[in-house]
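Engineer: Okay, handing you the structure first.
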Amino acid sequence: MAEQTTDKFKPFNVDLWKYDGQAGALIPLLQSAQDTYGYISEKAIDYISHVTGIPSADIYGVVTFYAQFRTKPLGKYVIKVCNGTACHVNGAKGIADTINDELNIDYDETSDEGAFSLLSVACIGCCSLAPVIVINDETYGRLTPAKLRKILRSYKQKVKKEAQTATDQG
Amino acid sequence: MKTVKIGLGTCGISAGGEKVYRAFQDELKDHPDAFVLKETGCIGMCYREVLVEVSNGNGTAHMYGEVTPERVGRIIDEDILGGATIDEWLVSGEDREVGFFDRQQRIVLRNCGIIDPGSIDEYIDMGGYRAARRALTQMKPEEVIDEVVTSGLRGRGGGGFPTGTKWKFTRQAPGDKKYIICNADEGDPGAFMDRSILEGDPSAVLEGMIIAGYAIGADEAYIYCRAEYPKAIARLRQAIAQARKNGFLGNRVFGTEFNFNIKIKEGAGAFVCGEETALIASIEGKRGMPRFRPPFPAQSGLWGKPTNINNVETYANVPWIILNGGEAYAKYGTEDSKGTKVFAMAGKVKRTGLVEVPMGVTINEIIFDVCGGIIDDKKFKAVQMGGPSGGCIPASMCDIQIDYQQINRTGAIMGSGGLVVMDETTCMVDVAKFFLTFTQAESCGKCTFCRIGTKRMLEILERITAGEGTMEDLDNLDELSEQIRAASLCGLGQTAPNPVLTTLKYFREEYETHIKEKKCPAHVCSTLLTYTINEKCTGCTVCKTACPTDAIFGEKKTVHMIDQNKCIKCGKCFTVCRFDAVVKD
Ligand SMILES: Cc1cc2nc3c(=O)[nH]c(=O)nc-3n(C[C@H](O)[C@H](O)[C@H](O)COP(=O)(O)O)c2cc1C
Ligand code: SF4
Ligand code: SF4
Ligand code: FES
Ligand code: FES
């Protein structure tokens, strides 16, 4: 059983630490924390520090070094724009501009209602479809600003409907 | 019985491969005995995804391209049940796609797009694990190393260091605890070779690592794989579990005295962690900062022990070399560069995807013979090789061979295999700026010149692309490049200027046009463009509302116009127009 803390923290896989028992397990531990909560909170850092004995400041240093770790939660729909070389030469900038314009968010930002987050990623391995974006797990390729706008609007509709259902249900 | 095989490489999945797979699965319910359904990795022809291969069970097969779930019904009715191929959807067979496979030599990709990567049995059926068995049971470690030396194999991760020599150093390093590391961090932002190999034939990489472990005397190994590659990681885990079950990993491998275990470490998204000493720091749980070499990892690597680190593709070559002999491998290629190289073809080329060619073919042969030339037959301008550490080679020089020395002479590098093709619509100053933006953001910050110098260079490039550059800026770029190159600790900083230096060398007049005429000849740098509205305009007024300077005028439902004196070239009208009526020039 993984150790419990006092607050309503769901325990992530601290067992990783016990397996390896060596400093090398810090990154897997952080990855496990992020998998569980979607981001690394201050609480998670303090908790990991408590379990491992590594000072919080050092853990924070590791967290900020790696692009994978986030210190803020992400929106419901995470839009990743590929900024790999092939997508760049095929117009990734126009794609990002369109998203900025349509959803009013920039890279590493989340829209006000927490509906959308925008991230930039390197090549996602389907350069033949460039320019490419990924929304949650769905890939959209061979985009033009006009095509993208349609896609984004359909997501906006979805968000609206979901919000509606939520209020209806009280 | 017929077999239906679906390409579920990254590109196949992105193009909707899983939906096609499910559509075939549904059909299987109605016709359970009509065919066997299988999946495979990247076939190489990513430009025709979703790819579906139908084998007739008598050794013949044909492949369909651009398959959608809607097309599945007809394939079932006419082909699987009816026995007639649907000619207009075919991509292979007869005279279609001439040249794509003929010029290739598949050693690393020998199983990619052929076997089901989730099945070790299919790997074994293709001759898998025979090389490891031979090495462990019939060869001395030194003999294994000699074979790799004879093959002339050089590291495929970018540096090109002779693999056999590296193994020898690690074997000879004193100490009884040694490690093997596979570098699967694939940092080049325009490349997907290693990913496709890991997803399409993970066992080949494991087998190469086992052979390396035996040769140098290591019993423990790590694969450092990008966390952004979840499918590759899943495939590796599966392949490791199956290998262990078969006695290819664990204690007493193949019944010998040799023990070997492989663990996976997920990288956390820092380009510099592809550099070997930074990678090792990252496995140890630290910030991934490079350190000064020597000592090289071969003497003091992971946890201070001798460590052999190679790239994914390097390891994937090894089983073939052991089975067929180093000399057979060395038959391919040039004096300096032996064997084959995998390239991820991207950009403005007709057939984008994964190709493996013998060293010694020319760049032109890859682009025109294998990949069918430039999209829309536009003018071929340059190729970018080596990603952020590499450079742009102009079209006029693309008759050089794929060979470490010849490519280095141009100022680019072989790199890990990203090959991005550029045409007349690509701006070379913008490309340089793109790579510098990348390296500047990824510098770990340890060396002042890498951290600050790349920032200064980027600022200059931003000025030039905004039409505010001066001719002195070009000299400053040269000077900064020299300083960064000389004063940086690791390859990231040392090679960061390459994209700028090569474009300055071969496309200087394009820089000058940006500076002197304030024009971007390729129409890419947005502030240097002129925006106009053409007759496709429906008068929807969307651009008029979006324009921050009220530069757009025109009545509702009539063609709009732009007042060039007011326009600040923000490009907003271009992105908001739903009718492609705004054009930039
Ligand atoms: C900034 C930087 C990034 C690198 N990224 C990678 C990478 O993503 N994959 C890789 O195999 N090698 C990469 N390398 C090269 C490695 O340091 C090392 O040379 C290589 O893994 C050795 O394997 P090889 O001899 O089989 O090529 C990188 C080097 C530098 C300086
Ligand atoms: S050259 Fe750059 S990336 Fe490499 S160690 Fe120095 S600062 Fe870090
Ligand atoms: S480019 Fe910007 S400023 Fe110029 S007309 Fe279009 S929206 Fe207006
Ligand atoms: S560069 Fe975007 S998918 Fe490869
Ligand atoms: S991913 Fe399907 S052919 Fe390359």
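Engineer: Which ranges mark the helices (runs of 4 or more DSSP H) fully within segment B:272-339 that have 1 or more residues being under 22 Å from the mean Cα position of the chain (by Cα)?
Structural biologist: B:276-283, B:312-324
Engineer: So which residues in segment A:135-170 are farther than 26 Å from B:Gly12 by Cβ, β-branched (Val, Ile, Thr) and surrounded by 14 or more Cβ atoms within 10 Å (Cβ to Cβ), if there are any at all?
Structural biologist: A:Val159
Engineer: Could I ask something else about it? Residue check, B:Asn364 against (1) touching a residue at least 40 places away in the same chain (Cβ under 8 Å); (2) over 20 Å from B:Arg110 (Cβ atoms), all met but one. Which one?
Structural biologist: (1)
Engineer: Let me ask something else about it. Please find, among A:Ala96, A:Ala86, the residue that is within 15 Å of ligand 4 (Cβ to nearest atom) and either under 26 Å from B:Leu198 (Cα atoms) or outside any helix (DSSP H, G or I) (or both).
Structural biologist: A:Ala86
Engineer: Inside segment B:372-465, counting only strands (runs of 3 or more DSSP E) that do not spill past its ends, which hold 2 or more residues that are touching a residue at least 40 places away in the same chain (Cβ under 8 Å) and more than 14 Å from chain A (Cβ to nearest Cβ)?
Structural biologist: By residue number, B:391-394.
Engineer: Moving to a separate point now. What pairs can you find where one residue is in segment A:141-170 and touching a residue at least 12 places away in the same chain (Cβ under 8 Å) and within 14 Å of chain B (Cβ to nearest Cβ), the other is assigned to a helix (DSSP H, G or I) and of a type in the set (Val, Ile, Thr), and their Cβ atoms are less than 7 Å apart, with a gap of 6+ or different chains?
Structural biologist: Note: pairs meeting the criteria are A:Leu143/A:Ile95; A:Pro145/A:Thr98; A:Pro145/B:Thr575; A:Leu148/A:Ile95; A:Leu148/A:Thr98; A:Arg149/A:Thr98; A:Leu152/A:Ile99.
Engineer: Which ones in segment B:1-42 are assigned to a helix (DSSP H, G or I), among the charged types (D, E, K, R) and away from chain A (no Cβ under 14 Å)?
Structural biologist: Within segment B:1-42, B:Arg22, B:Asp26, B:Glu27, B:Lys29, B:Asp30 qualify.
Engineer: Output the strands (runs of 3 or more DSSP E) that fall wholly within segment A:101-168 and possess 1 or more residues being farther than 30 Å from B:Lys350 by Cβ, or say none.
Structural biologist: Because the criterion is at least 1 residues that are farther than 30 Å from B:Lys350 by Cβ, the strands (runs of 3 or more DSSP E) in segment A:101-168 that meet it are A:116-121.
Engineer: Identify all residues within segment B:122-164 that are surrounded by fewer than 16 Cβ atoms within 10 Å (Cβ to Cβ) and hydroxyl-bearing (Ser, Thr, Tyr); write none if there are none.
Structural biologist: Within segment B:122-164, just B:Thr137 meets the criteria.
Engineer: If I filter segment B:407-428 down to residues being under 24 Å from B:Asp194 (Cβ atoms) and in contact with a Lys or Arg (Cβ under 6 Å, 6 or more places away or on another chain), which single residue comes out as surrounded by the most Cβ atoms within 10 Å (Cβ to Cβ)?
Structural biologist: Here the answer is B:Val421.
Engineer: Within segment B:548-572, can you find the residues that are within 12 Å of chain A (Cβ to nearest Cβ) and either modelled with pLDDT of 90 or more or within 16 Å of ligand 2 (Cβ to nearest atom) (or both)?
Structural biologist: none
Engineer: Next question, about the same structure. Scanning for something within 14 Å of chain A (Cβ to nearest Cβ), in contact with a helix residue (DSSP H, G or I) (Cβ under 8 Å, 6 or more places away or on another chain) and among the aliphatic types (A, V, I, L, M), does segment B:173-183 turn up at least one residue?
Structural biologist: So far as segment B:173-183 goes, yes, one or more of its residues are within 14 Å of chain A (Cβ to nearest Cβ), in contact with a helix residue (DSSP H, G or I) (Cβ under 8 Å, 6 or more places away or on another chain) and among the aliphatic types (A, V, I, L, M).
Engineer: Something else about it: Take the residues in segment B:464-490 that are of a type in the set (Val, Ile, Thr) and farther than 16 Å from B:Val431 by Cα; name whichever of them is farthest from ligand 4 (Cβ to nearest atom).
Structural biologist: Ranking the qualifying residues of segment B:464-490, first place goes to B:Thr470.
Engineer: Return the total of residues in segment B:245-302 being within 14 Å of another protein chain (Cβ to nearest Cβ), touching a Gly at 6+ places or on another chain (Cβ under 8 Å) and of a type in the set (Val, Ile, Thr).
Structural biologist: 3
The values are calculated or read from the model by the stated rules, or taken from the named source; none is laboratory data. This structure is a prediction, so every number in the text was calculated from the model and none was measured. All Cβ positions, even for glycine, are placed from backbone atoms using ideal geometry, and neighbour counts span all protein chains on display.
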